[in-house]
Structures are given as structure tokens and as C-alpha cells.
Amino acid sequence: MKRKIKELQFSNQVIDKSQLKQLIIWSFRNYGIARAANMVDKLKDLGFYYATKAGISLSLEDLRIPPSKKKLLNATIDSISETDQRFKRGEITAVERFQKVIDTWNNASETLKQDVIKYFKNTDPLNSIYMMAFSGARGNISQVRQLVGMRGLMADPQGQIIDLPISSNFREGLTITDYFISSYGARKGLVDTALRTADSGYLTRRLVDVAQDVIIREHNCKTSKGILVEEMIDNQKVLVTLKQALLGRVLAEDVIDPVSHAVLAYADQCIDPSLADSIVQSGLVRILVRSPITCDATRSVCQLCYGWNLAHGKIVDLGEAVGIIAAQSIGEPGTQLTMRTFHTGGVFTGELAQTITSAFDARIEYSDDMEITYTRTRHGDNACLINSDCKLKQIDLNGVETFIPLTKGTILLVQNHASVKKDDIIAECPLSTRNVTERAQKPVMTDFSGSIHFADLMIEEIQSKQNIFRSVHSEGIMWVLSGKVYNIPDNAQLMVVEKEEISKNSLLAHTQLISKYNGYVYISPNQDKNLSQEIQVITASKTFSAMNILMNHNNDPNNHILEINNKDKFLLKISDKQKLFNGQIIAELISNVYKTKTGGIIKYLDLDVSKKKINLSKTYYDILGPGYILWISEETHEINKDISLLLIKHGDFVEAGTEIIKNVFAKNSGILEVFQKDGIVREIIIKPGKVYQINSHEMKKHEGKYRGFLRPGEKIADGIVTDKLVYWEYIQTSLDSFILIRPVIVYSIPSKILDCRYTEDSFAIDVIDLQLVRRINYRDGERVKSVTGINLLNTYLVLNLQEHAFSQNCTVHFETISNDSVYTKVLKLITYDILAIRDSSMRNDHNISVNTRILVKNNQYITEKSVIAQTEIRSLTEGKIECIQNKELSNRRVLIVNNTDLRIFKVVAGQVVKVKVHDWVYVGDEIMTNTNTLDSGQIISIKNNQVIMRIGRPYLISNGSTLHVYHNSLVQRGENIATLVFERAKTGDIVQGLPRIEEILEARRKSDNSFNPHIILESKFRHYLDKGLSLYDATRLSLLDTQLMLVKEVQLVYQSQGVDIGDKHIEVIVRQMTSKVKIENGGDTEYLPGEMIELQKIESINKSLALLNQNEALYHPILLGITKASLNTESFISAASFQETTKVLTEAAISGKLDWLRGLKENVIIGRLIPAGTGFNAYNNPVLKNIDSVVSPVNDIDNITNNDKAKIKFDDIILDDRSARNYPMNLNI
């Protein structure tokens, strides 16, 4: 049946962006692509035509600030002053005050926004800015609000909202403070945009990869399954209407009107706007429709399960790459999503609770079955918490009763039998059960210094391993009573007592600097008096008169010569005024006595040495007495060269200067000994001496001894006698036997005494001394390898301090002394103790005077325990010493109370005093008749017609908070006295926007969140199995539940940001994420446990096995993130082109995989035509063979006759692709 063309309609209204959208959709749906495109072209021409005639101009005067702004700001400031007053009275905690301030400013900002809109609408509807923003052309209301309303609340770098809002707008201009507060958000905006672009692009890439092979391959999969579609509601707010959700879907069953029982629509019928309207009007709220997630088509989606292609409002074409479309639809709006949201820092934000208001003036009555507990609202007001669902009775002025249903968790703000006016708020109910709370902390800082007093706090002490936590068991008030609190150093002696009255410049305390040693005082004249000062007490001094210091020729200050008694010369190893330590080497003797010409063997003779010592990884031995060192010289060449380069043989006698191996010459004459290994010459030793030939039987007399010392006159063989000490060695060659007589050099080490004469002005001489120490670096019998020679012995001057002087400083001075008008420099050593007069931190306090007096003079001799200096701490104010804190765990402190900390009220005749001594008084309380206090505090005295109050500040400390102070503790301004612990709602999820989408689609396992899709899938699967369902049904149902939940979660994120995405796009992606199962037991299949297989594939295998009465495979459903799903796809070419290329290709090669080139990517990579669009051949498709009937989708434009077409004036004829192609479809459904 042909339908007539729809009549044109006349729209008499403002056509803004949304209306323009509706107009184009209407033309598109009713007249097809060609005419809709033509109409849009005409609209564009119309727009440009009139824009040319009269463009929009923008001047500063167009920025109209609503006159109500000032009034609104004043009202808000008054409201906040009231909140501050309540805080000062201790009625609300710091958290509640902060939350109230934030909410008050939020409400003010929102009200001003509405005023801006109303002001523009009523006074200047043709205002340029108003037209631009509200037509949807450019800008939005939040930007207009910042231009002419107020900028509102800003966040600090931690994401906490600052409770000082920017009340000005850009038209009025920002102050310096406003600008600074804004700058963080501005920077964050820029960084977020840059990061978002990259993140969004990567998300799109992963989505395309996972869904690229989803192509419409058949008309109908003939499934009976579907999903129930309903309105999407979150926080009692409709995000997606039922009409929106139904449009473009295909019904899975007949829809019957619940009233008339008439069939509204049949199964497999597309839902167009008119059918959607009739379904909505029938009152049905849930409709079963076909969906890509329940489609039975293998490796694709069928036309009927997908429904309309939303691009042209008709059934989707065969060969349409719906996977790519879905990926782009989800990825593209990613840049519009925020990266992260701020914490509000409060308990709740205003949007998380919905208010219930009274519709008329009435009286409230509680019902008998109400279960309530008393609580506080987030602003600190008393309220009742409803513990179970109930009804609240409302009686109007005429006595008519109405009932308001209240759900569990609602906070009731009115008392029983209270009267309410119209629009008064009765209750607040939480909008969502999905709100996750977290424990947060807020420190309470003191506003002034003073003493702590607990009024009615119940405290519980909790012992932990390290310390004791003090927790508030029941909420109450903590008072800080004003006073001047001063820190007194721990080493100071207090000069005042509690309750003592002090005058100006009274001495509070003093510290004394006491010397631990006897000695002379030295005060440096160059020290800055304002900085910390150092006083030296010289405890010992020794000037060595026999040790002269000579300058070297180069005048180098680092190389001085020390001459002792005009004989021995030492090279100084120290410089003038250098700090020394015990055992440090002062100087080294300049001598060549113990210098050898070559290497050799060292032997001790009657020489007493210490145990081995190590200094800087070098070993040495101290010589403890006189003795001798025997030295048998030999020349050792360490060589690593091939033996073929050797020019002489082992055992040869060589003369000095002979080349023994290439480029190596002998420096001494002697017998050659060659050590070689594996054809490489390691060492060549030249042993000087005389060689005597002997018979081998003569050596037998020595009983196996082949070397040793020969004393003068001793005989080793016939004719071989020595007249001095020598060293002999037996050498045997292939031809003869020889004795090598080697010379021995004897070095004598006599005892030596150091001349340590000192001048008369030296004192405490036994504390410091210099010691002559001789050190040898080689052990007894050690062979020293060298060609050039070594120093056998080193002689040092070493500093020796007494043990009690180790903790003192020791320095060296090059002192100039005069001897018979001859000036010489001598060595002087001193030890001293440093006493520091530290600069006190109390100097910064204007009410305290800190003065240090030095009580000794320069060069004065003092004994131990003498007082060197005294620091006096004086008060610059008069007052009373109220309290002295002297606890182990805290600083020593003094509290002084003076007149500035008191308020004195004079009682006039006839006035009645309404307070008692020790009463706590709050701001605004009546002290006496007609006299109210402007401060809080405690009454300390009522006498002589005077009421004296000590100023204080009450702090309300909530239950569960942690205390950091004790009763009567003294605190200074800005100190943390308690930490409030409270529950705060996480704003939705902590992760929002793009990272949240990524988290859902990657199916991340989160331990701290209630939403963990893996756990939900597992629990649902086990639940269905326990109910007795088959493995197949339990898998399908648990997957369906998880799929729908994932779709909803993704939609919630996009809808919260105002982005509309068709459900079917998300369903296509979710289908790919849930298409696999994990094998638990392979049964009679070839699969191994842990393998991931397509669900459809394993189901068909199990059906075949059931027919053959064989064991079926057992499996459980799994959820794959989009990255994992891409890598686990059947096509290894597609997976390799995505990530982990080497790994994917290696695995594919090992398992001998086949790629059937079903997707788009693999065909693009290979270079074939893609199997979508025109590359999808409908006629050669085996699914569509032998179909006789042809169906073309009914559309208005298709049914216009040729005569009608001729009559319509058509400027731009465009071929409509939809009407040009008809596909064969099976009508026998």
C-alpha cells in the first residue's frame, strides 16, 4: 500500500540549534537523503544571506550584569557570616562550616545563573551574547555566567575546593587574588585537553581493532532471544527516554496494548518514531527487542538484530562495517569527556541529595511505626535519620491528611508536630545508592595561642605499638582560652612560678653556657654579633721551639719543610690552621738511606714489628725497636709476551744493557730466570751474583736444602767460602749444577729519639705530643717485584693526643717567634673546645626580649664549670603567669594572661548578672541585663561590680576524631589540636570521564571498588548453576547480565557529560568482549584446560558430542578487555598489526594458524578488497542464495509517482543510494 507524501508544516517559533536538528531529522526521515541535503543547502544560503545583511557585533555594553547580583551577593555573605557565627559558638564543626560555605556559594552561583538568563530574556532578547549562547551557535551558559555573573568556586592544586569564591566576573575584572586562584584551573584545563586528545585517539584505535571484523553478513539469524529496553534512570533523572531507546530497534516479540489487547506491532518489525510514540502512549515500560549482544549470527551481526543504521534511519545494509561505526561512535566523543573530577572536600555535594518540599502550609506528624535515630545534617543541623521505609503525615489547614512516602536513609529536617509553610524543605533523600563514601580527615588549627580546656568531651585512649592515640568517644566542645604562650628552651632555668604577677621586662628564664674544661678563652673579633657566636676555650697549647718551618723555593704554601735541630728534614703533610685528628701524619722524613736500586727479597733480622695494619687499602707494619733489614736484590720484569719473542734462554748469564725480550733491556748483570705459562712469558728475573760450578753429589750433604744465607767464613762447597753475609741458591741445568752466590745488603735501623723541646708559654703539654714512627710496607720474606727500586722504610711524625682530648678540636699553627732578633716559624699545636651561643628562635616574638651576655674576656683563664655566657628571656608585657607546661612529651611553655586576653563588663545599678564564675559563655550570650558578649570565653571573676571574662574559642569536635593535645595543654596560634574524621561521598566514582570508560572497556580488576565486572560475572554464573540451570543457559544468562551492566556503565559516563551515543554501538563492542569462554575440562574435544574459545564454537561442538553420546567440554564465561580481545582474535594478521607483533606471529607460526581473512584489517594488510560495503557481494553470498522474494524498505520518497516527481521543483538532483539498491531478503520469517 502506498502512502502519500507528508504535508508541509509551518513552524512559527525560534529555530535554534536543537530545533534545526529536529527539522533536518524530520526532512531526512520523510524525504530521504537527497532532498534533506538540498534543504540543508538552502538553509545555509539563507543563513549567509542574512548574515551578510546584518552580522552580529559584540561590544562591551552587550555584557549586561543583572542588577540582582549585588543583592544576591550581600544575602550570601550574610548567610556565610551566620555560619561563621555558629562556628564561633561551637555549634558546628570545621567540616560542617566548610560544607555549608561551599553549598551556599554554589547555590548563589546557580541562582545568579538563572537571573542572568531571566534578565537577558526579559530585557534584551536580541542581545548578541544571549543569541549566540542560547541558539547553540557558540558558547554556553557556563561561559556567559563567567562573563556577566560570577566565576564561582575554584579548586586548589590538590583538587580541594577553596571556600573563597571568585565573586566578580570578567566584565567587572578579577582581582590579583582571583587571578591567582583561577590560574590552577586554567593550567589544568590546558594540560587535560592535550592529554585527552592522545588518550581518546588510543581508545579509538583499540576499539577499532576489537570490532573491525563485525560486519552485517546476513538478513536474519532467526534468534528468539532479545533484551528488555526501558528508560535509563540515574539519580531519579531520566537520561535516556524509552522512545530514544526504542527508535531504530527491531521487536523480538509482538507488542500488545495492555488496555485494548490489540496488537500494536509484530515481531521483527522496525520501530519508527510513530510506532515508538504509540508504544510509549500505551503505557508499556519494558519492551523486548533484538540486540547485537543476543544475535546468533556467526562472527557477525544480522540485519534484524542490529536494526536501523542511525545514519539514514532505515534498516542497516548488508555488508555494513558496523564494528568500525561503533568504535568511532564511542571513541570520537572521548575528547569531550573530562579527564578527572575534583573532590569537593566536603561530606556531600549538593547534587547528591534531593529535597522533599511541602506543597502547602501544613502540620507534620510522625507515624507510630517510624524507626528514627537522631543525627546531624552535612551543615550541622539536628535532624532525624529514617531507618526503614515509612510514611509522613501532613495535615493541611482544613484538616485534610496527606502522606509523603519516605525511603530508608532519608534525613528528616522537621520535628514532630512542627508547622511548615509552602515550599519549605521537609526532608532530604539520597539520590543514588551507588554513592561510595570514603573516610576523610580535616585538621583543626587554633586561631590564637592559649590553653586547652575540655568541656564535655569523652575521650578513649587506644594503645598502638609506637604510641597512644586519643580518640573522641562522644562529641563535645574543646576550648582554647586566650593567652600569650612562649616556648622556653629545655636547658633554661625558669625564674617565675605559676600565678605570679609580672611587670614589663621581668625575667622569665635564663640559660647559662658552662665550660667543661680548664683553659684560656678566645673570642674571634671578626664574628657578626647578630648571628650565632662561637667562643673557644683553649685547653692545651704546645709550641715546639726546635722544629723550624722552612719555605720551599717555589713559595708553595702546601709544601713546607720541617727542620728539627738543624739536622733531619721532614716534608710537612699539613697546612697552617688545619684541623687534625689523633694518629694523623704530620710530616715525612726526607731520606734516601733505605732506597733500593731494584726489587728483591726482604728479610728481618732482630727487628720487632707490630701486627699488620691497613690504611687506605695499603698494609704496613710499625717498627717497635732497633734491628736490621736484609735485602737480596733482583731485577723483576713483569711481561705478558709470546715466548717466541724471547732473545735469550732460561739460566743464561746476561750483562747489563742486554736486550732480553723485544724492547726489554736488563739493567743489572746476573743469571736469568724465565717464568712462562702456555707459551706466554709472564716474568723474567735477573739475579745478580757469582756462579760456581759444583758436582751434584756435593749438594746431597745439605739434606735437600737448595737456598739460604751464608755467614762470613762459612763454607758451602769445596772452594766456595765467603768473607761477608751472602745468599746462595742451587741451580741445576740439563748439563751441569751451579751455586749462585748473591750479595746481601744490610740496612741498620737504630733507635732514634725526637727532640720535642717547647717554649715557656706552652701549657697542658702532656695532652699533645708528636711521635717518631717508622713504618715498613713489606712483610718478612716478601719478594718485591720492581725494576727501578723501592723505599724500604718510611719515617713519619705522628700526632698523639691523650684519650680525654679526642672529643676536642685540634689545630696546627705556624707560629713566628723571635730568637736574638731572628724571626723563625715554628710548629704550634693547640686543642680547644667550641662553645656556641645559638641565635634563639624566640627573637622573632615581639612580646619577648632575648639578650645574651658574655661573662668572660678574651685570653682570660677559666676553670671547668665556669659560666661563659648567660641568655636572658624577658617579657615585654605585664600580666600573670597562668600556667607553666613542663611535660616530657611536649615543649616547655609559659602562659601569660594580660588585659588584652580579658573582657571586663561593668555592672551598672539595676543590671542583673546572668552568669556565674567558671561558666562557659558563647558569642551573643547575655552576660547581664541588656548586655551581650561579642566574644566567647570563660567567666573568671565576678566582684567589685565587674564581670571579668577570659576570651576563648570553642571548637566542636565530632565523634571518632583524633586529639593531639591534653587538658590544660598550652598551644600557639596555627597549631593542629585535633583531626576531624568524617565520611565523605566520592563524587560518583573517583575515576570519571575518559579514564572511567577505559577502565570499563578494559575490564580492569579493581579491588577497592564495588564495581568489578569479573567478580560479578563469576558470582552470577555460579548462582545460575546452583539454581540447576544447564552450563549453556548459566553461561548465556550470566554473560547477558554482565553485558547489560557494562552497557549501562558506559552510558552513564557519556550521559553525565551530555553525550548521546546509541546503545547498539556499545552493545557491538561488549559483544566482542564477552564472546569467549575458558575451557575447564576438555572432555572428548581436542581443547586443553585454560584455552580460550569462541562461545558459539564450543556450543556447536558440545551439541555434536551430545548426539554422539561423548563427554562434553566444561567451560566458564570470561570477560576480556578490549586490548586482550584484540590480541585473542582469530586473525593473527589483525592481532599482529595491533600490539606485541613478534609474540603474536611467533605463536601463530608455532601452532600453524590459518587466517581466513574475514575482517577488514587483514584484507587491507594483504591488499585485497575489504569484505564490506561494495566489496561485500550479496549475490555470491551463500547465505542469500535461492531467495525468490524481494523486499524493499517502505519509504515515502520511494512511492512518489513519476508525474509527482515532475511537478516538484527540484534544484539539485542527487541520486539516493537507498532507493537505488534493493537487496533480496527472505520474507518467510
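Just so it is clear, none of the values below were taken in a lab; they were calculated from the coordinates. For clarity, every value in this text was computed on a predicted model and none was experimentally measured. Glycine gets a Cβ as well: all are built from the backbone with ideal geometry, and neighbour counts include every protein chain shown.
One table, with the values for the structure above:
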| read-out | value |
| --- | --- |
| Given charges at beta-carbon only (K, R positive; D, E negative), |dipole| of the stretch 17-197 in Debye | 700 debye |
| Under-5 Å amide H pairs with Asp652, H placed in peptide plane, nonlocal only | Leu672 |
| Cα-based equivalent ellipsoid, the stretch 654-804: semi-axes from gyration tensor eigenvalues, Å | 46, 22, 14 |
| Any cysteine of the chain lacking a neighbouring Cys Cβ under 4.7 Å - listed by number | Cys270, Cys384, Cys390, Cys429, Cys756, Cys810, Cys883 |
| Using θ = phi - 60° and Karplus 6.51 cos²θ - 1.76 cosθ + 1.60, couplings along the stretch 535-549 (whole Hz; Gly, Pro as x) | 10, 9, 10, 7, 8, 7, 8, 9, 10, 8, 6, 8, 10, 8, 9 |
| Volume of the Cα convex hull of the stretch 350-436, divided per residue and given in Å³ | 97 Å³ |
| Dimensionless Rg ratio for the stretch 373-419, taking C-alpha atoms and the 2.2 N^0.38 Å reference | 1.26 |
| Long-range HN-HN contacts of Ile426 with modeled amide H, under 5 Å | Ile356, Thr357, Ser358 |
| Helix runs (DSSP H) in the chain reaching 27 Å along axis by Cα, Kyte-Doolittle at least -0.5 | 17-53, 176-211, 1031-1056 |
| Square roots of 5 times each gyration tensor eigenvalue, C-alpha, the stretch 990-1075, largest first, Å | 25, 15, 9 |
| Assigned charges on the beta-carbon of Lys, Arg, Asp, Glu; the chain dipole about Cα centre (debye) | 1900 debye |
| Cα gyration tensor shape of the stretch 835-975, rounded if a/c is under 1.5, else prolate or oblate by comparing a/b with b/c | prolate |
| The stretch 880-924: C-alpha pair distances exceeding 17 Å, % | 60 percent |
| Normalised per residue, the volume of the convex hull around the Cα set of the stretch 795-888 (Å³) | 241 Å³ |
| Percentage relative contact order, the stretch 17-197, counting C-alpha pairs under 8 Å, at least six apart | 19 percent |
| Packing rank of 322-330, 81-89, where each peptide gets the mean count of other beta carbons within 10 Å, highest leading | 322-330, 81-89 |
| Rg followed by Dmax, in Å, when the stretch 17-197 is reduced to its Cα trace | 21.8, 73 |
| Volume per residue of the C-alpha convex hull in the stretch 950-1106, rounded to whole Å³ | 209 Å³ |
| Answer label, with semi-axes √(5λ) of the Cα gyration tensor in Å calculated from the coordinates and candidates [x] 54, 46, 34; [y] 90, 61, 29; [z] 53, 42, 28 | [y] |
| Amide H partners (placed H, <5 Å) of Ile514, local residues excluded | Ile868 |
| Dipole of the chain [Lys/Arg +1, Asp/Glu -1 at C-beta], most positive-end residue of Asn851, Ile549, Gln463 | Ile549 |
| Cβ charges +1 (Lys, Arg) and -1 (Asp, Glu), total dipole of the stretch 350-436, debye | 220 debye |
| The stretch 140-282 pair-distance distribution - Cα-Cα, 10 Å bins, rounded % | 9, 20, 19, 18, 17, 14, 3, 0 |
| Environment charge at Ala326 (Cβ cut-off 13 Å; Lys +1, Arg +1, Asp -1, Glu -1) | -3 |
| 17 Å cut-off, amide nitrogen to a point 7 angstrom out along Tyr706 Cα→Cβ, residues in the stretch 741-784 | 741-742 |
| Dipole of the chain, positive end: most advanced residue of Cys390, Pro333, Asn791 [Cβ charges, Cα centre] | Asn791 |
| Peptides 1121-1131, 750-760, 591-601, 121-131 ordered by average Cβ neighbours within 10 Å, highest first | 1121-1131, 591-601, 121-131, 750-760 |
| Peptide ranges 848-858, 1038-1048 listed from the most packed, as the mean C-beta count within 10 angstrom indicates | 1038-1048, 848-858 |
| Charge dipole (the chain, unit charges on Cβ, about Cα centre) - positive-most of Asn944, Ile1015, Thr596 | Thr596 |
